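Asker: Structure incoming, see below.
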């Protein structure tokens with residue numbers, strides 16, 4: 001199997017992709033603001049105890065306090081505690097924390113919380129752990145080409161952010177995330193007869209497992225396969241189980257519900273692709289990438305970034321260092337203009 005690893009660096013962000021036999025199977029990102037946070041170790045402070053469930057909320061310097069299941073451990077409110085991030089924050093929920101720490105960890109004397117003691121795990125290490133790469137494609141500041149674009153990783157990312165997945169036989173998947181679960185609907189297309197429908201659903205089962213892995217979906221997942229009797233649906237379930245076994249993150253198959261839906265659950269560790277690559281923060285990083293790309297193709301350009309207010313607020317605030325890095329590379333400032341539309345251009 002031919003494996004490529006793609007590394008694309010831009011101000012404040014690094015994007016990674018793993019490509020196996022020409023197919024993008026995983027996409028990750030790391031940002032200078034610390035995300036994703038899994039594996040990071042913090043000296044935090046207990047802000048609230050939940051005695052009824054044996055848990056505590058711990059301030060570690062992120063937007064929301066993290067949730068710590070205490071088990072047999074005892075801590076007091078206001079106490080300093082060293083914790084490791086087990087799962088990243090999601091929406092309004094803080095990170096899930098653990099007291100399972102590296103054995104050689106040293107806490108500086110006199111350190112005051114919140115303080116990061118150990119950086120998060122490198123996404124590249126995770127992609128390399130899946131198997132040795134035959135080739136590593138890495139972006140170079142002086143190069144006009146970004147391997148993330150030329151390798152097909154950017155196109156795969158765009159497709160993975162779409163709810164629609166087209167299948168080779170003419171069917172499709174429709175993937176929709178809600179606060180409670182992810183629903184995947186299988187449309188077998190124009191297939192007629194039970195044998196043809198079975199083959200279409202078999203194709204869908206392989207795609208479902210692949211898309212869950214690629215999109216890094218987590219939590220409860222319900223799949224509505226297309227029009228099969230329960231016995232044949234059981235065979236589709238076996239195909240899904242075999243494919244799910246390849247997932248590095250445990251993907252549990254719950255079985256078939258009374259209404260004929262297939263229920264799955266997957267551990268939540270790092271953000272999904274949608275969480276990472278959609279929203280104001282992702283748009284801000286994209287704007288800086290486009291500004292640099294514009295000048296590479298047109299050295300006389302003076303980039304203007306027009307974007308909604310929340311995007312500009314980030315670039316002027318928390319992501320100001322990334323903006324400064326981009327402007328240093330360009331040799332001049334990037335004009336920021338508030339606009340409902342997102343656009344990078346040269347006046």
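The values are calculated or read from the model by the stated rules, or taken from the named source; none is laboratory data. Remember, it's a predicted structure, so these values are computed and weren't measured experimentally. Neighbour counts are summed over all protein chains in view; Cβ atoms, including those assigned to glycine, are modelled from backbone coordinates with ideal geometry.
Condition check ((1) over 30 Å from residue 234 (Cβ atoms); (2) buried (at least 17 other Cβ atoms within 10 Å of the Cβ)) across all residues:
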{"residue": "265", "(1), (2)": "no, no"}
{"residue": "285", "(1), (2)": "yes, yes"}
{"residue": "322", "(1), (2)": "yes, yes"}
{"residue": "345", "(1), (2)": "yes, no"}
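Asker: Among the helices (runs of 4 or more DSSP H) confined wholly to the stretch 121-203, which include 3 or more residues that are at pLDDT 95 or above? Step through it out loud before you land on a result.
Answerer: Numbers: elements: 123-129, 147-150, 153-160.
It comes to 153-160.
Yes/no per residue for (1) modelled with pLDDT under 90; (2) in a strand (DSSP E or B); (3) surrounded by 21 or more Cβ atoms within 10 Å (Cβ to Cβ):
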{"residue": "1", "(1), (2), (3)": "yes, no, no"}
{"residue": "9", "(1), (2), (3)": "no, yes, no"}
{"residue": "49", "(1), (2), (3)": "no, yes, no"}
{"residue": "63", "(1), (2), (3)": "yes, no, no"}
{"residue": "85", "(1), (2), (3)": "no, yes, yes"}
{"residue": "101", "(1), (2), (3)": "no, no, no"}
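Asker: Determine which single condition residue 323 fails, assuming it passes every other condition in (1) within 24 Å of the chain's Cα centre (by Cα); (2) assigned by TED's automatic domain parsing to the domain that holds residue 231.
Answerer: Result: residue 323 fails condition (2) only.
Asker: Here is a list of conditions, (1) outside any helix (DSSP H, G or I); (2) surrounded by 15 or more Cβ atoms within 10 Å (Cβ to Cβ); (3) touching a residue at least 40 places away in the same chain (Cβ under 8 Å), and residue 318 meets all of them except one; can you say which number that is?
Answerer: Only one criterion is unmet by residue 318, namely (2).
Asker: Next question. Could you please give the count of residues in the stretch 150-176 that are in contact with a strand residue (DSSP E or B) (Cβ under 8 Å, 6 or more places away or on another chain) and within 30 Å of residue 91 (Cβ to Cβ)?
Answerer: So the count comes out to 14.
Asker: When you scan the stretch 328-339, how many residues do you find that are crowded, with 17+ Cβ neighbours inside 10 Å and more than 18 Å from residue 280 (Cα to Cα)?
Answerer: Residues flagged as crowded, with 17+ Cβ neighbours inside 10 Å and more than 18 Å from residue 280 (Cα to Cα) within the stretch 328-339 amount to 1.
Asker: If you check 255, 234, 260, which single one turns out to be part of a helix (DSSP H, G or I) and more than 23 Å from residue 122 (Cβ to Cβ)?
Answerer: Details: 255 fails: part of a helix (DSSP H, G or I); 260 fails: part of a helix (DSSP H, G or I).
The unique qualifying residue is 234.
Asker: Okay, moving on. Could you say which residue among 209, 204 is surrounded by 20 or more Cβ atoms within 10 Å (Cβ to Cβ), over 26 Å from residue 139 (Cβ atoms) and touching a helix residue (DSSP H, G or I) at 6+ places or on another chain (Cβ under 6 Å)?
Answerer: Values: 204 fails: touching a helix residue (DSSP H, G or I) at 6+ places or on another chain (Cβ under 6 Å).
Testing whether each residue is surrounded by 20 or more Cβ atoms within 10 Å (Cβ to Cβ), over 26 Å from residue 139 (Cβ atoms) and touching a helix residue (DSSP H, G or I) at 6+ places or on another chain (Cβ under 6 Å) leaves just 209.
Asker: Being in contact with a strand residue (DSSP E or B) (Cβ under 7 Å, 6 or more places away or on another chain) and touching a residue at least 40 places away in the same chain (Cβ under 8 Å) is the filter; apply it to the stretch 181-212 and report the residue that is farthest from residue 156 (Cα to Cα).
Answerer: Looking at residues that are in contact with a strand residue (DSSP E or B) (Cβ under 7 Å, 6 or more places away or on another chain) and touching a residue at least 40 places away in the same chain (Cβ under 8 Å), I get 181.
Asker: Here's something else I'd like to know. List, please: which pairs have Cβ atoms under 7 Å, are six or more places apart or on different chains, and start with a residue in the stretch 90-103 that is without any contact (Cβ under 8 Å) to a residue 24 or more places away in the chain and end with one that is part of a strand (DSSP E or B)?
Answerer: Pairs that qualify, where the first residue is without any contact (Cβ under 8 Å) to a residue 24 or more places away in the chain and the partner is part of a strand (DSSP E or B), are 100/84.
Asker: Only one of these is closer than 27 Å to residue 109 by Cβ, at pLDDT 95 or above, part of a strand (DSSP E or B) and in contact with a strand residue (DSSP E or B) (Cβ under 9 Å, 6 or more places away or on another chain): 24, 58. Name it.
Answerer: 58
Asker: Before we move on, is residue 218 under 22 Å from residue 270 (Cβ atoms) and either assigned by TED's automatic domain parsing to the domain that holds residue 17 or loosely packed, with under 15 Cβ neighbours inside 10 Å (or both)?
Answerer: So residue 218 does not fit the description; no.
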